[in-house]
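Participant: Just passing along the structure, written as structure tokens.
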């Protein structure tokens, strides 16, 4: 019994992945380099039907490999398979395309001395923000103010007893599983804590507009599905965001198409000029409002353009969710990343 106690992990790291290739290797190696904690660490890799040899790569780096073959793949399925096999009282969830900051875990475990804290998460930033225009812009998506938050992302430290209390992630969700979990944790008086320290580097790997569109469409699906679940409860989530997204997207479409049609009918470019001027005024206004996210004016301007442009694929994702729900269908995983070469 004593030998078991000495080898029992104080931290379980659950990494999920699907065709991450060398990104997975980089992730697992970063875990091995992290600052030591007060006891053993176990690493579990949960693979969802990869075709690039990821399970073998993970096993070669010392991870315990769990393979799942769900009919409807999702991050929630992988995370649940991981934490339910984990042995430690504290679980660190990572996506296979991330790199762990070596000091994050050692400096964050003390937050759990507060019994109400269920999850602790820090700053996730892009590894190569200059790798593409999309990486540069979407890097600011990860910037949140520290303090108590409504939800965390896929990378987070979590208290195992809290996961057990709410039965973990919802396997039925193909996106938005973390906010859904956090909403259920908050409903039983737990706290989600965002700390002001680096946590992970992320490899978004978006180089084409089609990938950008699918990512935003997936967000729209997540907003709609999660909001529908909690709309009539005492603790709704994302209901107001869904309504704002819908109005925002429809207004942008109406302004864009309306100015084009009016310009054609009148035989004049002025309706288009006025429409573009109105859109740019919205962009500039947003760039000023998000000044706290970045000190670079050009990046803020690009991010402001993204914050408006993404409303259209988000609206599409919401519409497709509603269409599928009424037809009694469930949509499959919406993937935006390319399968890396071996």
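Participant: Does residue 300 fit the bill of being within 30 Å of residue 143 (Cα to Cα) and buried (at least 18 other Cβ atoms within 10 Å of the Cβ)?
Facilitator: Yes; evaluated as a whole, the condition is true for this residue.
Participant: Turning to a different aspect of this structure: Would you check if there is a residue in segment 20-31 being in a loop (DSSP other than H, G, I, E, B) and within 27 Å of residue 333 (Cβ to Cβ)?
Facilitator: So far as segment 20-31 goes, yes, one or more of its residues are in a loop (DSSP other than H, G, I, E, B) and within 27 Å of residue 333 (Cβ to Cβ).
Participant: Examine segment 246-257 for a residue that is surrounded by 14 or more Cβ atoms within 10 Å (Cβ to Cβ), within 25 Å of residue 83 (Cα to Cα) and at pLDDT below 95, and state whether such a residue exists.
Facilitator: For segment 246-257, residues surrounded by 14 or more Cβ atoms within 10 Å (Cβ to Cβ), within 25 Å of residue 83 (Cα to Cα) and at pLDDT below 95: absent.
Participant: Right, next: Return the total of residues in segment 138-170 being over 19 Å from residue 238 (Cβ atoms), more than 16 Å from the chain's Cα centre (by Cα) and not in a strand (DSSP E or B).
Facilitator: Number satisfying all stated conditions: 9.
Participant: Being crowded, with 18+ Cβ neighbours inside 10 Å, in contact (Cβ under 8 Å) with a residue 40 or more places away in the chain and closer than 26 Å to residue 185 by Cα is the filter here; which residues of segment 217-231 pass it?
Facilitator: 218, 219, 220, 221, 222, 223, 224, 225, 226, 229, 230
Participant: Now a separate question. When you look at residue 48, is it in the same structural domain as residue 10 (by TED's automatic domain parsing) and either touching a helix residue (DSSP H, G or I) at 6+ places or on another chain (Cβ under 6 Å) or at positive phi (or both), yes or no?
Facilitator: Yes; evaluated as a whole, the condition is true for this residue.
Participant: Considering only segment 179-200, state which residues are crowded, with 22+ Cβ neighbours inside 10 Å and within 21 Å of residue 24 (Cα to Cα).
Facilitator: Across segment 179-200, the qualifying residues are 199, 200.
The values are calculated or read from the model by the stated rules, or taken from the named source; none is laboratory data. Everything quoted here is computed from the prediction, not taken from an experiment. FYI the Cβ positions are ideal-geometry reconstructions off the backbone, even for glycines, and counts take in every protein chain you see.
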